[in-house]
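Below you'll find the structure, written out as structure tokens, and then a few comments.
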Amino acid sequence: MSQQKKNLSHLGINRELQKKMFYSMLRIRRVQERIDQEYLNDQMKTPVHLCVGQEAIAVGACEAIEQTDYISSNHRGHGHYLAKGGNLKKLIAELHCKSTGCSGGFGGSMHIIDTSVGHLGSSSIVGGGIPLGTGMALASKMKNNGRVSVVFFGDGAADEGVLYESINFAILRKLPVIFILENNKWAVCSPVTTRQTSKNIFHRTDQDLLLTADINGNDIAQVYKTMVQAVNRARSGEGPSFIECDTYRILGHAGCETQDPKGYRELNEINEWKEKCPIKSLKQELMNNGFLENNEIEHLESMIKDEIDDAFAYAVNSPLPSAEDLHGSLFSE
Amino acid sequence: MPWSRIKTDYIEPDFYGKEITGQRRLTYSESLNEALSQALEIDSSVFVMGQGVDDPSGMFGSTKNLQEKYGAKRVFDTPLAETALTGIAAGAAMAGMKPVYFHNRPDFLYLALDQLANHAAKWSYMFAGKVSVPLVIWACIGRGWGSGAQHSQALQGLFMHIPGLKLVMPSTCYDTKGLMLTAIKDPNPVIIIDHRMNYRNQGYVPEKMYTIPFGKGVKRRNGSDVTVVAISHMVTDSLLAAEELYQEEKIDVEIIDPRTLCPLDEELILASVLKTGRLVIVDMGWKTGGVSAEIASLVVEKGFSSLKAPIKRVTCPDLPTPSGYTLEDVFYIDKNQIKKAVVEAVLG
Ligand SMILES: Cc1ncc(C[n+]2csc(CCOP(=O)(O)OP(=O)(O)O)c2C)c(N)n1
């Protein structure tokens, strides 16, 4: 598997991988859309942060790593979770606050986990997952187990000083960690331009110390290729990378689309970015090259729909935690 | 697992003065150093980090020579970045390591609070026990020589308030080793708040590895008139006070050292108050909303009928620590304040 991925870095991305990534992005998109549609039914009593428009980053990054590698995620984490291979039923059950949820109903939308695929939990403190992911890379380095760690965070998190501290340490210790800044232009209703004066300072770092890239995060080929480079670098002990992905948050900050307050951003801006949809562009490319047919897409859509229906049914039919569960696992045994 | 072979041992055979001939005596720092060294020896997932752990003085001697013995990969100095390094330690712990992160002073832990309180302390609960965080944080309260407002804070009350953190405050050479080993073995975040004055102690320390169960306090002095619950090095001052009170006033003081504040040995405290009917709590932290307030509430809630007199608390005043020595003298508590409080508790 890793051999195959390595070869791809020389060959470019092959058709199978492209189709796999198309499917994976489409699946994340459809899951987000279903959550959005169902949200006002009040069955998911948890603040959801949807990642519509940003799927290429999660998928492109996670396709370049192995199941045993780690990711560290944030409040807008459904895409990271699914791209890494997290269990869909358990995600939807968690959104329904059920005992069968990935966090047993103790976490909710912002605190999801699937340790079986290297997802050790997401933080809803902006920037909080950055040092944790860095620490997982420290563990990999100390154990010499070859695992890399990928840290996803937003432009809001890049305001936080902990990013500076973490990258400094990652460089010092040549840690196998890849920092992925998803610059979606907004932190709630604050545009990045009112919070940061110029491009992130890490783009100016010596490339030997920190591989940096500033890429179109809606172009999955770019995300994947840059990641392969960063992963190779990490696995060969050369140290960390910092990849800024230009993207956009299509839906509101939290909740469903209709709950997004009006007036803080231009409709034009949203529409322009809808045109730059990463799924649409990959679909075009695949279809233009004759690699994907309409009936194949229909088939994928119906598979995904069935899977989502199943996941929602599973969630709805699952038991809720009860009073006896309250004390839960405050401490591990 | 290397840790399953280590025996639990909580009877300290020798405490303050009662020297047993032929027994090995160590200084406080030697004892802690031995615990760390043995843990590094038996478990390759253990590592020691912190600003200055490789200094010649090595955390008041506690981490001395560990880097020479175990290498710079496992014992290393850190950048002055307490927020990230706490998160990095926690992340490494989630991924299977056992970090021990040293800080000279608890004051610096304010910078680490996000990662301690929002992350390490909550990870097990928030994810239904799917991931544990076996992280040890150690910091040592300073006192005197003008340490002042930002180098002498006793923050145990703050940490005791946060669910998901275990909180340890040793007072003897024997305990500092055993409790450190228990902390490293424990799969949860553990904060050890030590005190600079404990470093004056010497005592019997077995060479073998041993752990001390969390939540088991000890009776440091048997007495019948009044219970004194004393935290960390306040145990030493309370013992001095008790001996003098016995000589001077024939007041017989029982001294309880909880050793860990979370979990807290409620039974031991309640049983002692049931016997004596009186309680004085001695803690060098602040009074309001702190450790002494918590222990007092515990006894009021669960042992009210045992009480023959109001509870007394001996704590530092609710002020930042002043630096000048004349002000320090009045700010800090010692055996005299303890004696006064005990007399008031007994005689009303
Ligand atoms: C430390 C902290 N400050 C503020 C918040 C409130 N908050 C939640 S999400 C968010 C915006 C984060 O923006 P960004 O990191 O760009 O991620 P995005 O939501 O755009 O994906 C804010 C301010 C928080 N959760 N944590």
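Among A:A187, A:A137, A:A83, the largest mean-square fluctuation in a Gaussian network model of chain A (Cα springs under 10 Å) belongs to A:A187. Kindly identify the stretch B:194-348 as rounded, prolate or oblate by the Cα gyration tensor criterion: order the square roots of the eigenvalues as a ≥ b ≥ c, call it rounded if a/c is under 1.5, otherwise compare a/b with b/c, prolate if a/b is larger, else oblate. Taking the square roots of the gyration eigenvalues as a ≥ b ≥ c, the stretch B:194-348 is rounded. In this structure the amide hydrogen of B:K98, modeled in the peptide plane, comes within under 5 Å of the amide hydrogens of B:V46, B:F47, none closer than 5 places in sequence on its chain.
Looking at the stretch A:9-317, the DSSP beta bridges with both ends there are about 10 percent antiparallel.
Under 16 Å between alpha carbons, and skipping anything fewer than 8 positions from A:K283 in its own chain: which aspartates and glutamates qualify? Excluding near neighbours in sequence, the set is A:E16, A:E55, A:D219, A:E275, A:E293, A:E296, A:E298, A:E301. When A:C189, A:C102, B:C316 are sorted by how many other C-beta atoms sit within 10 angstrom of their C-beta, beginning with the fewest, the order is A:C189, B:C316, A:C102. If R0 is taken as 56 Å, the Cβ-Cβ distance between A:N216 and B:H161 corresponds to a FRET efficiency of 0.75.
The mean number of partner chain beta-carbon atoms within 10 angstrom of a residue's beta-carbon across peptide A:103-113 is 4. Inter-label distance, B:K302 to B:R25: 3.7 nm, where each label sits 7 Å from its Cα along the C-beta direction. Counting neighbouring beta carbons within 10 Å and listing from fewest to most, the residues A:R147, A:R30 come out as A:R30, A:R147.
Under a Cβ-Cβ cut-off of 10 Å, what is the net charge of the residues other than A:I215 that fall near it, where Lys and Arg count +1 and Asp and Glu count -1? Local net charge: -3.
For the protein assembly as shown, what proportion of DSSP beta bridges, expressed in % and rounded to the nearest 5, is antiparallel? Among the beta bridges of the protein assembly as shown, antiparallel pairing accounts for roughly 15 percent. Considering only A:N295, A:N87, A:N145, the Gaussian network model of chain A with Cα springs below 10 Å gives its largest mean-square fluctuation to A:N295. Treating r as the C-beta distance of A:N14 and A:H203 and R0 as 25 Å, the FRET efficiency rounds to 0.25. Antiparallel beta bridges, as assigned by DSSP with both residues in chain B, represent about 20 percent of the total such bridges. Helical runs assigned H by DSSP (4 residues or longer) give the protein assembly as shown a calculated mean residue ellipticity at 222 nm of -11500 deg cm²/dmol, each run adding -39500 (n - 2.57) before division by the residue total.
With R₀ fixed at 45 Å, the C-beta to C-beta distance from B:D43 to A:E33 puts the FRET efficiency at about 0.40. Remark: relative contact order (chain B) = 17 percent; criterion is Cα-Cα distance under 8 angstrom and separation of 6 or more residues. Only Lys, Arg, Asp and Glu carry charge here, each on its Cβ (+1 for the first two, -1 for the last two); on that basis the protein assembly as shown has a dipole of about 920 debye about its Cα centre. Here each label is just a point 7 Å from Cα along the line to Cβ, and for B:K250 and A:F291 those points are 9.7 nm apart.
Does the stretch B:226-283 come out rounded, prolate or oblate by the C-alpha gyration tensor, with a ≥ b ≥ c the root eigenvalues, rounded set by a/c under 1.5 and, if not, prolate when a/b is larger than b/c and oblate if not? Oblate, since a/c reaches 1.5 and b/c is not below a/b. For the stretch B:89-142, relative contact order (Cα pairs under 8 Å, six or more residues apart, normalised by length) works out to 55 percent. Rounded if a/c is under 1.5, else prolate if a/b is larger than b/c, else oblate: which is chain B, with a ≥ b ≥ c the root eigenvalues of its Cα gyration tensor? Prolate is the answer for chain B, as a/c is 1.5 or above and a/b outweighs b/c.
For the protein assembly as shown, the fraction of C-alpha pairs more than 49 angstrom apart is 23%.
Cβ-to-Cβ counts within 10 Å put B:W123, A:W186, B:W3 in ascending order as B:W3, A:W186, B:W123, the fewest first.
Quick one: net charge of A:L40's neighbours, Cβ under 15 Å, K/R +1, D/E -1? Summing Lys and Arg as +1 and Asp and Glu as -1 gives -4.
GNM on chain A, alpha-carbon springs under 10 angstrom: the most fluctuating residue among A:K276, A:K262, A:K84 is A:K262. Past 32 Å, Cα to Cα: identify those pairs from A:K20/B:K98; A:K98/B:K287; A:K45/B:K185; A:K225/A:K305, in the order given. The pairs that break the limit, which is 32 Å between Cα atoms, are A:K20/B:K98; A:K98/B:K287; A:K45/B:K185.
Taken together, the values in this text are just the output of simple stated rules run on the coordinates, not laboratory data. Bear in mind that the values here come from a model prediction, so they are computed numbers and not experimental data. Neighbour counts are summed over all protein chains in view; Cβ atoms, including those assigned to glycine, are modelled from backbone coordinates with ideal geometry.
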